[in-house]
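Nothing in this text is a laboratory measurement; each read-out follows from the coordinates by a stated rule. Since we're looking at a predicted model, the values are computed, not measured. A quick note on method: Cβ atoms are made from the backbone with ideal geometry, for glycine too, and the neighbour counts reach across all protein chains shown.
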Amino acid sequence: MLTAIAGINWGDEGKGRMVDLLSQDYGVIVRYQGGNNAGHTVINERGKFILNLLPSGILREDTVNVMGTGMVIDLAHLCGEIDELGRHGVSVTPEQLKISDRAVICFPYHGAQDVLEEERLGDKKFGSTRRGIAPVYADKYMKKAIRVGDLLCPDTWRERLTDILSWKNLTLAGGYGSGEVTADECLRWLETYGRRLAPFVCDTTHYLTDAVARGENILFEAQLGALRDIDFGIYPYTTSSQTLAAYAPTGAGIPAAKLDCTVGVMKAYSSCVGEGPFTVEMFGDEAARLREAGEEYGAATGRPRRVGAFDAVASRYGVTIQGADCLALTKLDVLSYLEKIPICTAYEIDGTRTTEFPVGQRLVRARPVYDYMDGFRTDISACRDIRDLPKEAVAYVRRLEEAVGCPIRYLSVGPARGDYIAIG
Ligand code: GDP
């Protein structure tokens, strides 16, 4: 069984929590895109963990976790995550963690370039996490990146770095006027972190191809959500990689594999980190209450997230482009304080009503049209069966299901592993 878990919205839907829950039936968990620019929060009996790079299956001893070909990896950050797990008594061995030799290394100079560019943009900044993700993906496509497999050939490091830095410094020093990056500082960084991670590096395409042939259950874990996809998201306020399930086999390193199932993770309301159009955005006290109730602060950066009502227009588009077969609806418990629950059912653009998710400037001009449902006004976090839920909560779930055209199979009513209701 090959299953992808992917975000339906702007990210932060609770994918890490769903991977942690569903991974019990899977032997192999693969991250297939992105870097340490977003975080998955997992809470289980071993503690609370924020994982930016490691697949969320790393918290289960009996799974193999793969960092796939489509990822960009900050080696220092990864070592930090491994150390943090170690402090909680979770050890990470090369048997449990395999890093694709084709994934790309994100160096400190990528982060520096990200900061320089955000500062140059001033008021027009993108709201980047400043962790170098856009610069490192750009370098990958310029064919000026160093890949993880190169960690296995230290004798080539100096020459590769010297060549690449003679080009990169044209931008950093020549363009932005910052100091030049030297090969020596990058070499020291590689010596510290690259040597430590080298034992985890392997041909994961080979490993995963064998795993598929053996009939292993493989779970593909996305970072961020459909609306952040570089091609299909709210460009240019997207991430720099493909967040869609369709990319999972390629980004994992087994492009010929066919997914059997895509589980879309969708949040019961909306949240969005960073800049860009966010049609359902709430402001003032209304936003503050929802942000507090949902603890909406970025897992990677601690930034307060923008919040809003459930957006049926954006979510139906997300379900469609993810090709979701079923959904996990998360954070339903958060809405228990509301008397009336708003749902954005359509957009109005230049006086015309639409339920199609628009592109570019039409999206910027879109205004939300709301409908309201009765709130459930009671704590539902202990409910474990749909029959335990108040009828207003069931009505809300059914309404969302209908609005996005996809069945909801899991209802998450709290952050811990067991806080959920399976439906059907
Ligand atoms: P991800 O990047 O999609 O994994 O999402 P994040 O980890 O950034 O955000 C999800 C946050 O919501 C985390 O702090 C989770 O612990 C928490 N969470 C997930 N599901 C639920 C839920 O059903 N209810 C509540 N109250 N919190 C949840």
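Most exposed first by the Cβ proxy, i.e. fewest other Cβ within 10 Å, how do Thr238, Thr330, Thr243 rank?
Ranking Thr238, Thr330, Thr243 by Cβ neighbours within 10 Å, fewest first, gives Thr238, Thr330, Thr243.
Can you list which of the DSSP-assigned H helices in the chain have a Cα extent of 30 Å or more along the long axis and an average Kyte-Doolittle score of at least 1.6?
Span-like helices, by this rule, are absent here.
Does segment 268-422 come out rounded, prolate or oblate by the C-alpha gyration tensor, with a ≥ b ≥ c the root eigenvalues, rounded set by a/c under 1.5 and, if not, prolate when a/b is larger than b/c and oblate if not?
prolate
How would segment 166-317 be classified by its alpha-carbon gyration tensor: rounded, prolate or oblate, with rounded meaning a/c under 1.5 and the a/b versus b/c comparison settling the rest?
It comes out oblate by the Cα gyration axes.
Within 10 Å of each candidate Cβ there may be at most 13 other Cβ atoms; applying that plus a DSSP loop requirement, which GluC sites (Glu not before Pro) in segment 322-395 survive?
The qualifying sites are Glu339, Glu356.
If each DSSP helix of 4+ residues adds -39,500 (n - 2.57) and the sum is divided by the residues in the chain, what number results at 222 nm, nearest 500 deg cm²/dmol?
-8500 deg cm²/dmol
Is segment 104-197 rounded, prolate or oblate when judged by the Cα gyration tensor, a ≥ b ≥ c being the square roots of its eigenvalues, rounded requiring a/c under 1.5 and prolate requiring a/b larger than b/c?
prolate
Of all DSSP beta bridges located in segment 268-422, what percent are antiparallel, nearest 5?
Taking every DSSP beta bridge with both residues in segment 268-422, the antiparallel ones total about 80 percent.
Under the definition of Cα pairs under 8 Å and six or more residues apart, what whole-number percent is the relative contact order of the chain?
20 percent
Just to be sure I understand the curve: with the Debye formula and one point per C-alpha of the chain, what is log10 I(q)/I(0) at q = 0.06, 0.10 Å⁻¹?
Summing over Cα pairs of the chain leads to -0.24, -0.68.
Suppose the chain between Tyr207 and Glu392 were pulled fully straight at 0.36 nm per residue; how much longer would it get relative to their current alpha carbon spacing?
61.8 nm
At a Cα cut-off below 27 Å, give the lysines reachable from Lys168, other chains included and same-chain residues fewer than 8 away excluded.
Of all the lysines, those that pass the test against Lys168 - Cα under 27 Å, at least 8 places apart if same chain - are Lys124, Lys125, Lys140, Lys143, Lys144.
Which of Asp203, Asp231 has the fewest other C-beta atoms within 10 Å, and how do the rest follow up to the most?
Going from sparsest to densest Cβ surroundings: Asp231, Asp203.
Among the chymotrypsin sites (Phe, Trp or Tyr not before Pro) in segment 348-398, which ones are in a DSSP loop with at most 15 other Cβ atoms within 10 Å of the Cβ? Mind listing them?
Here no loop site has a sparse enough neighbourhood.
If you take every DSSP beta bridge whose two residues both sit in the chain, what share of them, in percent to the nearest 5, is antiparallel?
Of all bridge pairs located within the chain, approximately 40 percent are antiparallel.
Considering every Cα-Cα pair within segment 142-235, what fraction, in whole percent, is farther apart than 20 Å?
61 percent
Just rank Phe283, Phe200, Phe310, fewest to most, by other beta-carbon atoms within 10 angstrom.
Phe283, Phe200, Phe310
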